[in-house]
Every structure is written in C-alpha cells, then in structure tokens.
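Before any comments, here is the structure.
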Amino acid sequence: LPYDPTRDFAPLSNVINFPNILVVNPHLPAKNLAELVALARAKPGQLSFATSGIGSTNHLTGVVFQSLEKVRINFVPYKGGGPAVTDLMGGHVDTLFATMPSVVPFVKSGKLRALVVTDNKRWAALPDVPSAKEAGVASLLVITWNGVLAPAGLPEAIVAKLNADIVAVANQADTKERMKAQAAEVATTTPGEFATMLRNDFAKWSKVIKEAGLRAE
C-alpha cells in the first residue's frame, strides 16, 4: 500500500464485529468440519476453496486453516465475495470462508451448509453452527471489524467528540438490533483501543502473509 494503515489515519472507533463462517455446497459429502478435513486429506489439492481475492480475509482464513489442519487446498480467487458465493451455490467450487453477514440468508434457506464460525463462541444469527473451539480448531479465530478512521493529525478534541458521537449512536438499542439482524455485533472502542486493534491485526496478518509467501496480484 502507498500508506501505512497503522500511522496514516486517526482511529476514531471500531463499530461492529463479525466472524467468518466456513460454508460448503450442500452436495459436498461433509456434514461437519472433521469430515471436511478428512475429505481434504483424502484428496490433497483437489478441494476448491473460493476467495474474494488474493489477500482477502477469507483467503487468509483459508491459509490459516490449511496450516492448522495440515491439508492442501486449491484456492480459487474471485473478484469479490458476491461472485464467490454465487459459484459456491452453483457447485462450481466446494467451499468458502465467508463473512458471516453475507451468507446467513443462504444458510437458513439451505442453499449453503455452514460448518464452523471463526470465533470462540456461537453466534445468535446461526445458533446451530459450532464455534471454532467446539469444532476442534480453537486457534481458528478470525473476527472482521468495521470501524471509522479520520485523516492523521486531526485535533484531539475533534477525535474525542467524534468518538463520543459514534459510540452513542452505535449503542442505541435500535442500532444494535439492526446490526444483530445482519449477523454483526456492536463493539465500539476508544480511539486508543482502536489504534491497538489496527496494529495487532496488521502484525498478525503480515506474519501469515510472509509465512505463506503470498504476493499481491
């Protein structure tokens, strides 16, 4: 990137969090994560994992999963999550680590089968889907967040005012309910806490990218 995400912005607040969720085409003979891992090991390099692009969070989640479970996965990059989900439902690819809000309706309708949520707890939007810990992959923790940033150098008084307003609006009961309906949770922070989140995520994913030898495309 032509900028440093950890230094070239003024973090105001995180707003919502949501996990990734491992979904498969219903015709795939894997009813749970253990069966999917067994299938991947029986057919190394043959199981196709859609991604919304090289370096996307669902791609990187797949990289972590591959490393944890010692399986070989055939990653299939798409130009965005929408086309990836469409091809997964059409049976052109086998599975996908999707952002949870993007696939909840398809899981509920039976068009996709969900195997695990990348969090240490179950989520209310799909309460029957096991957490990573329950599925035996406690280290597979990937939480996507949406927050608000401002230009670097913003006066502290304005940062504090904007943070207070964001936190107040996000934590209103109706906002929380709207987010919950979309499989997200309100999770506001102080500017300092959000800055720490940025630095930690940048370090975490930089390590994954370097260890996997990934290159931007």
query = What is the dipole size for the stretch 23-149, taken about its Cα centre, with +1 at each Lys and Arg Cβ and -1 at each Asp and Glu Cβ, in debye to the nearest 20?
reply = 100 debye
note = Helix-only [θ] at 222 nm, the chain, -39500 (n - 2.57) per DSSP H run of 4+, per residue, nearest 500, equals -12500 deg cm²/dmol
query = Which loop-located trypsin sites (Lys or Arg not before Pro) does the stretch 63-133 contain, where loop means any DSSP state but H, G, I, E or B and the Cβ has at most 11 other Cβ atoms within 10 Å?
reply = LYS70, LYS79, LYS121
query = For the chain, what relative contact order do you get, as a whole percent, if you take Cα pairs closer than 8 Å and at least 6 residues apart?
reply = 34 percent
request  = Between beta-carbons, use under 11 Å as the cut-off and find the net charge around ASN74, counting Lys and Arg +1, Asp and Glu -1.
outcome  = +1
ask   = What list of ³J(HN,Hα) values in whole Hz, one per residue of the stretch 195-210 in order, does the Karplus curve 6.51 cos²θ - 1.76 cosθ + 1.60 (θ = phi - 60°) give from phi, with Gly and Pro shown as x?
value = 4, 5, 4, 4, 4, 5, 5, 4, 5, 4, 6, 4, 5, 4, 4, 5
remark   = Net charge (Lys, Arg +1; Asp, Glu -1) of residues whose beta-carbon lies under 13 Å from that of TRP205, TRP205 excluded, is +2
ask   = Once you charge only the Cβ atoms, +1 for Lys and Arg and -1 for Asp and Glu, what is the size of the charge dipole of the stretch 79-142 about its Cα centre, to the nearest 20 debye?
value = 120 debye
note = Expressed in square angstrom to the nearest 10, the accessible area of GLU193 with a 1.4 Å probe stands at 100 Å²
Positive-pole candidate from HIS27, VAL93, TYR78, dipole of the stretch 1-128, charges at beta carbon = HIS27
inquiry  = Which lysines, if any, have their Cα less than 30 Å from the Cα of LYS207, not counting same-chain residues under 8 positions apart?
reply    = LYS43, LYS70, LYS79, LYS121, LYS133
request  = Summarise the accessible area of the chain (1.4 Å probe, protein heavy atoms) by the percent that is carbon and sulfur.
outcome  = 56 percent
query = What does the charge dipole of the chain about its Cα centre add up to, to the nearest 20 debye, if the Cβ of each Lys and Arg holds +1 and the Cβ of each Asp and Glu holds -1?
reply = 540 debye
key: Linear extension gain, ALA168 paired with LEU154, 0.36 nm per residue minus alpha-carbon span   = 3.0 nm
key: Using θ = phi - 60° and Karplus 6.51 cos²θ - 1.76 cosθ + 1.60, couplings along the stretch 149-157 (whole Hz; Gly, Pro as x)   = 10, 10, x, 4, x, 5, x, 4, 5
request  = Taking the Cβ of VAL107 as the centre, find all other residues whose Cβ is under 12 Å away and add up their charges (Lys, Arg: +1; Asp, Glu: -1).
outcome  = +2
key: Protection proxy ranking, peptides 152-162, 38-48, average beta carbon neighbours within 10 Å, highest first   = 38-48, 152-162
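The values are calculated or read from the model by the stated rules, or taken from the named source; none is laboratory data. The model shown is predicted, which means the values in this text are computed figures rather than measured ones. Positions of Cβ are backbone-derived with ideal geometry, glycine not excepted, and every protein chain shown enters the neighbour counts. Side chains are part of the model used for accessible areas, which takes the heavy atoms of the whole protein and leaves out ligands, DNA and RNA. Shrake-Rupley method; radii C 1.70, N 1.55, O 1.52, S 1.80 Å.
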